Amino acid sequence: MEHPDKDSTNTQTPSIGYGRPHQDGAVLDLFTSWAHRTPDAPALIDGERAYSYAELDRLADTVAETLRGKVGPGDLLGVCLAHSVSLVAVTLAAAKLGAVHLPLGPRPGERRLRAVAEQLRPACLVGEPDLLPPGGERLPLELPTAGVVAALMPGEQARVPVGTHYAVLTSGSTGTPKAVAVTEPALGALLHWYRDLTGLGPGERHSLLIGVAFDPHVQELWAGLTSGAALVVAPEAVRWDTGALTDWWREAGITASILPTPLAEPVLGRPWPAGLALRHLSIGGDRLRRAPGPDVTATVHNAYGPAEATVTTTVHTMAPGGDHGAGAPPIGLPIAGAVLLVTDEDGRPVPRGTAGELRIGGRGLAAGYLDPELTARRFVDAPAGVVGTDRVYRTGDRVVMRPDGVLEFHGRLDDQVKVSGVRIEPAEVEAAFERDPLVRRAVVAAEQAPTGGARLLAFVQAEDGADPEALLAAVRPWLPEQAAPSAVRLVERFPLDANGKVDRQALLAEAPTVPASADDGDGPVERTVLKLCRELIGRADLGPSDNFLAAGGNSLAAARLLEALEGEYGVRLRAPLVLRQPDLRAVARLVEERMAEPAAATA
């Protein structure tokens with residue numbers, strides 16, 4: 001019999017949620033098992049070349065043997081490689097050695113990489129010789145990517161929590177990236193859940209697309225290797241161009257894919273392409289603002305999770321063909337093994353329906369940071385009455401748990417922001433500016449871009465003669481692409497709030513509007529290109545002779561520019577071609593040429 005007061009007491013139910021019982025899963029052992037059971041099955045497809053499980057296993061063994069005795073259990077092994085068979089082979093080799101895989105991406109920035117080498121002290125860095133810091137022995141690696149070396153780093157190595165399988169960087173408020181240590185049991189449980197969610201197995205094809213330094217990359221890479229499926233390396237263009245992405249899904253026969261939210265939203269915003277084999281699309285990294293339409297033939301999973309809880313903590317699944325509403329989808333329910341709390345400032349669970357801070361515990365919880373003091377501040381004791389976890393991670397995210405246990409995301413409690421799906425600490429960006437002797441102080445604030453999403457602005461007190469463009473150019477090598485501000489504005493003072501802290505909202509409100517360029521373009525297409533780029537980059541002074549990338553454009557801005565041009569003129573351009581253009585005038589001419597092609601063909 002139903003409790004008569006069920007509805008009236010529902011709001012007093014505490015905001016505590018438990019995922020179903022988890023199942024442990026191996027990581028490297030599962031790959032090895034598939035290499036023995038199905039040695040000839042494709043494990044990785046990179047363009048026209050396919051590598052079998054046996055071939056990939058042998059390649060990883062070769063790398064491991066080169067490093068054996070020099071890199072061992074618990075050592076940090078930083079990897080500076082792009083999506084490729086070489087990246088996957090080195091990742092496998094790290095696991096075979098018991099080393100801790102630290103994915104840094106192919107272009108982490110020279111100064112940023114040096115800071116990582118000095119402060120995290122990895123035992124080894126793998127990448128192209130010119131990229132790696134000087135010093136230490138260098139070992140050539142036998143890999144399909146020519147010239148890759150392993151640089152053995154001198155000095156005492158960093159201490160890593162026992163059992164760590166991989167470490168991943170997140171933005172740090174001290175100006176130094178925080179390294180999160182994730183254990184093999186946590187990753188194994190995640191992969192087991194994901195395989196169960198998607199049915200991933202032999203004969204399936206999973207994309208290898210997520211940025212290498214972004215922690216969902218670890219999930220997609222190991223998901224394929226531990227399931228007997230094939231990983232398929234995405235061409236560079238698909239990360240910029242949603243049309244190229246969906247074409248590639250079709251041509252490559254992709255059956256499961258993970259996308260960052262800023263790339264997924266334009267895909268969901270256009271008619272769903274016919275002929276896709278895609279069965280499951282997982283989306284994460286930022287708040288998803290649109291649900292899939294009824295024409296979408298894949299099951300869409302809106303996933304949420306910080307790196308500190310092993311990539312994914314909650315998921316909201318939307319079946320194909322359904323009406324999922326017009327608003328932002330919730331972030332859903334806890335995955336297997338997860339424990340969720342919504343708490344007040346003192347860490348006590350609030351009633352369901354009340355906003356509070358999300359705290360995460362359970363099987364997926366990371367071991368902590370490589371900084372024990374920071375670990376103690378963010379990984380705290382679970383409150384009394386909570387079972388299944390003795391500690392929880394304070395996310396800093398503001399959420400509401402509905403009466404049915406589903407979580408809704410309501411933003412950040414602190415100053416941390418997300419740009420293009422990547423978490424950014426403004427303090428890290430500020431510290432990068434303050435390395436310049438001309439800079440007395442920098443404050444970074446986020447504002448909503450006219451075309452959606454967040455963009456960063458840097459407000460700088462500097463010595464006389466400082467040039468904003470030069471300051472921005474100097475700071476880029478220290479930062480990931482998404483953390484580079486759209487513009488630098490010189491200020492004489494910083495407004496303060498009632499607590500004596502810099503008032504970022506007042507800074508944004510006081511920021512002078514930059515006058516538009518006197519040259520508004522020659523012809524309607526050029527004027528449209530200028531208008532779009534000014535909005536996307538956040539610089540009203542852009543002119544026809546400016547270069548898109550040099551002016552502050554990034555991958556997300558390029559993707560939105562292509563979408564807008566296709567919507568305006570019906571022409572479909574590829575990102576690499578657009579980005580090779582010397583200036584915005586040339587981009588406009590390219591649009592005009594494509595517009596003329598159908599007319600020329602029918603003349």
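Does the stretch 223-240 contain at least one residue that is touching a Gly at 6+ places or on another chain (Cβ under 7 Å) and closer than 25 Å to Gly362 by Cα?
yes
Let me spell it out: the conditions are (1) open to solvent by 20 Å² or more (accessible area, probe 1.4 Å); (2) under 24 Å from His217 (Cα atoms), and Ala382 meets all of them except one. Which number is the exception?
(2) is the only condition that Ala382 fails.
Is at least one residue of the stretch 393-407 under 23 Å from Glu308 (Cβ atoms), modelled with pLDDT of 95 or more and among the small types (Gly, Ala, Ser)?
yes
Please work out which residue is surrounded by the most Cβ atoms within 10 Å (Cβ to Cβ), limiting yourself to the stretch 400-416 and to residues that are over 20 Å from the mean Cα position of the chain (by Cα) and of a type in the set (D, E, K, R).
The extreme case among them is Glu408.
Working only within the stretch 147-157, note down all residues that are buried (at least 19 other Cβ atoms within 10 Å of the Cβ) and either under 28 Å from Ala189 (Cα atoms) or touching a Gly at 6+ places or on another chain (Cβ under 7 Å) (or both).
Val148, Ala151, Met153
Determine whether Asp397 is out of contact with any Ser or Thr (no Cβ under 8 Å at 6 or more places or on another chain) and open to solvent by 20 Å² or more (accessible area, probe 1.4 Å).
For Asp397, the condition - out of contact with any Ser or Thr (no Cβ under 8 Å at 6 or more places or on another chain) and open to solvent by 20 Å² or more (accessible area, probe 1.4 Å) - is not met.
Among the residues of the stretch 353-374, which ones are small (Gly, Ala, Ser) and within 19 Å of Tyr166 (Cβ to Cβ)?
Once the filter is applied, which keeps residues that are small (Gly, Ala, Ser) and within 19 Å of Tyr166 (Cβ to Cβ), the stretch 353-374 yields Gly362, Gly364, Ala366, Ala367, Gly368.
Could you check the stretch 130-146 and list, in sequence order, the residues that are over 24 Å from Gly74 (Cα atoms) and open to solvent by 50 Å² or more (accessible area, probe 1.4 Å)?
Asp130, Pro144, Ala146
Here is a check on your reading of the model: is Gly543 at pLDDT 85 or above, open to solvent by less than 20 Å² (accessible area, probe 1.4 Å) and either assigned to a loop (DSSP other than H, G, I, E, B) or under 24 Å from Ala446 (Cα atoms) (or both)?
Answer is yes for this residue.
So, in the stretch 240-265, of the ones that are over 22 Å from Asp215 (Cα atoms) and open to solvent by 20 Å² or more (accessible area, probe 1.4 Å), which residue ends up nearest to the chain's Cα centre (by Cα)?
Here the residue is Trp248.
What are the residues in the stretch 207-235 that are of a type in the set (Phe, Trp, Tyr) and modelled with pLDDT under 95, if any?
Passing the criteria: only Phe214.
Which ones in the stretch 48-72 are over 23 Å from Gln219 (Cβ atoms) and open to solvent by 40 Å² or more (accessible area, probe 1.4 Å)?
Glu48, Arg49, Glu55, Arg58, Asp61, Thr62, Glu65, Thr66, Arg68, Gly69, Lys70, listed by residue number.
For the stretch 530-554, which residues satisfy the criterion of being in contact (Cβ under 8 Å) with a residue 60 or more places away in the chain and in contact with a Pro (Cβ under 9 Å, 6 or more places away or on another chain)?
Glu535, Leu536, Gly538, Gly552
(1) open to solvent by 10 Å² or more (accessible area, probe 1.4 Å); (2) farther than 25 Å from Asp29 by Cα; (3) in contact (Cβ under 8 Å) with a residue 60 or more places away in the chain; (4) under 20 Å from the mean Cα position of the chain (by Cα): which one isn't true of Gly105, the others all being true?
Of everything listed in (1) open to solvent by 10 Å² or more (accessible area, probe 1.4 Å); (2) farther than 25 Å from Asp29 by Cα; (3) in contact (Cβ under 8 Å) with a residue 60 or more places away in the chain; (4) under 20 Å from the mean Cα position of the chain (by Cα), Gly105 misses just condition (1).
Just the residues that are at pLDDT 95 or above, out of contact with any helix residue (DSSP H, G or I) (no Cβ under 6 Å at 6 or more places or on another chain) and under 28 Å from Ala95 (Cα atoms), please, taken from the stretch 15-31.
Matches in the stretch 15-31: Asp29, Leu30.
Restricted to the stretch 436-453, and to residues that are under 14 Å from Pro426 (Cα atoms) and surrounded by 18 or more Cβ atoms within 10 Å (Cβ to Cβ), which residue is modelled with the lowest pLDDT?
Glu447
Filter the stretch 201-218 for residues that are open to solvent by 10 Å² or more (accessible area, probe 1.4 Å) and within 22 Å of the chain's Cα centre (by Cα) and give the result.
Arg205, Gly211, Ala213, Phe214, Asp215, Pro216
Rundown of residues vs (1) closer than 27 Å to Thr183 by Cβ; (2) modelled with pLDDT under 95; (3) charged (D, E, K, R), yes/no style:
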{"site": "His36", "(1), (2), (3)": "yes, no, no"}
{"site": "Ala41", "(1), (2), (3)": "no, no, no"}
{"site": "Leu44", "(1), (2), (3)": "yes, no, no"}
{"site": "Ala50", "(1), (2), (3)": "no, no, no"}
{"site": "Tyr53", "(1), (2), (3)": "yes, no, no"}
{"site": "Asp57", "(1), (2), (3)": "yes, no, yes"}
{"site": "Val71", "(1), (2), (3)": "yes, no, no"}
{"site": "Leu81", "(1), (2), (3)": "yes, no, no"}
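Having 3 or more residues that are closer than 22 Å to Arg287 by Cα is the bar; report the strands (runs of 3 or more DSSP E) wholly within the stretch 317-416 that clear it.
338-343, 355-362, 391-401, 407-412
If I ask for residues that are touching a helix residue (DSSP H, G or I) at 6+ places or on another chain (Cβ under 8 Å) and modelled with pLDDT under 85, which ones from the stretch 524-538 would you list?
Leu536, Ile537
Would you tally the residues in the stretch 94-134 being out of contact with any strand residue (DSSP E or B) (no Cβ under 8 Å at 6 or more places or on another chain) and either part of a helix (DSSP H, G or I) or modelled with pLDDT under 95 (or both)?
15
In the stretch 398-433, what residues are free of Cβ contacts under 8 Å to residues at least 40 places away in the same chain and touching a Gly at 6+ places or on another chain (Cβ under 9 Å)?
Across the stretch 398-433, the qualifying residues are Arg412, Asp414.
Looking only at the stretch 40-84, filter to residues that are among the β-branched types (Val, Ile, Thr) and in contact with a helix residue (DSSP H, G or I) (Cβ under 7 Å, 6 or more places away or on another chain); which one of those is nearest to Asp29 (Cα to Cα)?
Val63
Residues His36, His83: which one is open to solvent by 20 Å² or more (accessible area, probe 1.4 Å), farther than 30 Å from Leu333 by Cα and part of a loop (DSSP other than H, G, I, E, B)?
Being open to solvent by 20 Å² or more (accessible area, probe 1.4 Å), farther than 30 Å from Leu333 by Cα and part of a loop (DSSP other than H, G, I, E, B) holds for just one of His36, His83, which is His83.
Phe459 passes all but one of (1) surrounded by 18 or more Cβ atoms within 10 Å (Cβ to Cβ); (2) under 30 Å from Gly284 (Cβ atoms); (3) touching a residue at least 40 places away in the same chain (Cβ under 8 Å); which number fails?
(2)
Restricting the stretch 155-206 to residues that are in a loop (DSSP other than H, G, I, E, B) and in contact with a Pro (Cβ under 8 Å, 6 or more places away or on another chain), which is modelled with the highest pLDDT?
Gly163
Let me confirm something: among Asp286, Asp295, which residue is touching a residue at least 12 places away in the same chain (Cβ under 8 Å), within 15 Å of the chain's Cα centre (by Cα) and in a loop (DSSP other than H, G, I, E, B)?
The conditions single out Asp286.
The values are calculated or read from the model by the stated rules, or taken from the named source; none is laboratory data. Here the structure is a predicted model, which is why all the values come from computation and not from measurement. As a convention, Cβ positions derive from the backbone with ideal geometry for all residues, glycine included, and neighbour counts pool all protein chains shown. Keep in mind that these areas ignore ligands, DNA and RNA; they rest on the heavy atoms of the full protein, side chains included. Shrake-Rupley method; radii C 1.70, N 1.55, O 1.52, S 1.80 Å.
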